[in-house]
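Only one structure is covered here, and it is reproduced in the block below.
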Amino acid sequence: MLILTRTEAGRRLAAGLGPLLVEPPVVMALSASGAPVAAEIAGALGAPLDIIAVSRLEVPGRPHAIFGAVADGTTILDEDRVRELGLPEDYVTSLIAEASAKATHCAAAWREGADPISIARRTVVLVDDGQGEALAVTAAARALTTRGASRVIFVAPTGSRTMAARLAALRVETLFLIEPGAPIGALVRDATFAQTTPREVGTLVRRSRPDLTAVQGS
């Protein structure tokens, strides 16, 4: 088994991205767990780093009752799952509102005062550490398209076939170190960033933006 740190995974993904890019991208980490991988890619490409937070939609007290995800005002629902769980429409609406507010709060906390980067008519590289769920990744990718990104490329050490199919349906390009659905041949493990804190994410964001670092004195 090949064991990679998130730093090494980021370096390998950055090397694979080179031939795919024709313009400087914006690198977007998918929640805090993807930030260390994304920071390596941003550094290698000389690109700014931003972050998009995703909140799962689940029935309170039932962590396995997941029926969708919310990212930056964009909601993805698994309609079959909603029907299976027997969730009333007004209840689903209330849970979406709560999840949306949570995602907005998390993104602001992770940026530590930094402004979101405008992605209108730009290429965005959306980065995960390989642990993201298909619904969460799809919600984030659709949100970036809604915000005006001209091109979205999702990169991660690995992913599921379901995820790859959902992204293909959105016309989102993908780059994986391990083919989706293949037997697990690598494990991304990094003790330093096992649970990335908001402060660590904020530090990574500032390091990718020299003007912001100078202003904040970091």
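The values are calculated or read from the model by the stated rules, or taken from the named source; none is laboratory data. Fair warning: this is a prediction, and the values are worked out from it, not measured in the lab. Ideal geometry is used to build each Cβ from the backbone, glycine not excepted, and the neighbour counts take in all protein chains shown.
Right, Glu8: surrounded by 21 or more Cβ atoms within 10 Å (Cβ to Cβ) and free of Cβ contacts under 8 Å to residues at least 40 places away in the same chain or not?
For Glu8, the condition - surrounded by 21 or more Cβ atoms within 10 Å (Cβ to Cβ) and free of Cβ contacts under 8 Å to residues at least 40 places away in the same chain - is not met.
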Query raised in the report: For region 58-67, does any single residue satisfy the condition of being within 28 Å of Glu179 (Cα to Cα), buried (at least 16 other Cβ atoms within 10 Å of the Cβ) and not assigned by TED's automatic domain parsing to the domain that holds Arg206?
Result: yes
Report summary line: Those residues of region 114-146 that are crowded, with 24+ Cβ neighbours inside 10 Å and part of a loop (DSSP other than H, G, I, E, B) come to a total of 3
Requested in this report: Take the residues in region 53-82 that are among the β-branched types (Val, Ile, Thr) and under 14 Å from Leu135 (Cβ atoms), then tell me which one is nearest to the chain's Cα centre (by Cα).
Outcome: Val54
Query raised in the report: Going by the conditions given, is Arg83 basic (Lys, Arg), modelled with pLDDT under 95, part of a loop (DSSP other than H, G, I, E, B) and outside the structural domain of Arg151 (by TED's automatic domain parsing)?
Result: no
Report task. Looking at (1) free of Cβ contacts under 8 Å to residues at least 40 places away in the same chain; (2) farther than 19 Å from Gly16 by Cα; (3) crowded, with 24+ Cβ neighbours inside 10 Å; (4) not basic (Lys, Arg), find the lone condition where Val152 falls short. Result -> (2)
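Residue by residue, here is whether (1) in contact with a His (Cβ under 9 Å, 6 or more places away or on another chain); (2) at pLDDT 95 or above; (3) in the same structural domain as Asp78 (by TED's automatic domain parsing); (4) farther than 17 Å from Val70 by Cα holds:
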| residue | (1), (2), (3), (4) |
| --- | --- |
| Ala141 | no, yes, no, no |
| Val155 | no, yes, no, yes |
| Thr158 | no, no, no, yes |
| Met163 | no, no, no, no |
| Pro180 | no, no, no, yes |
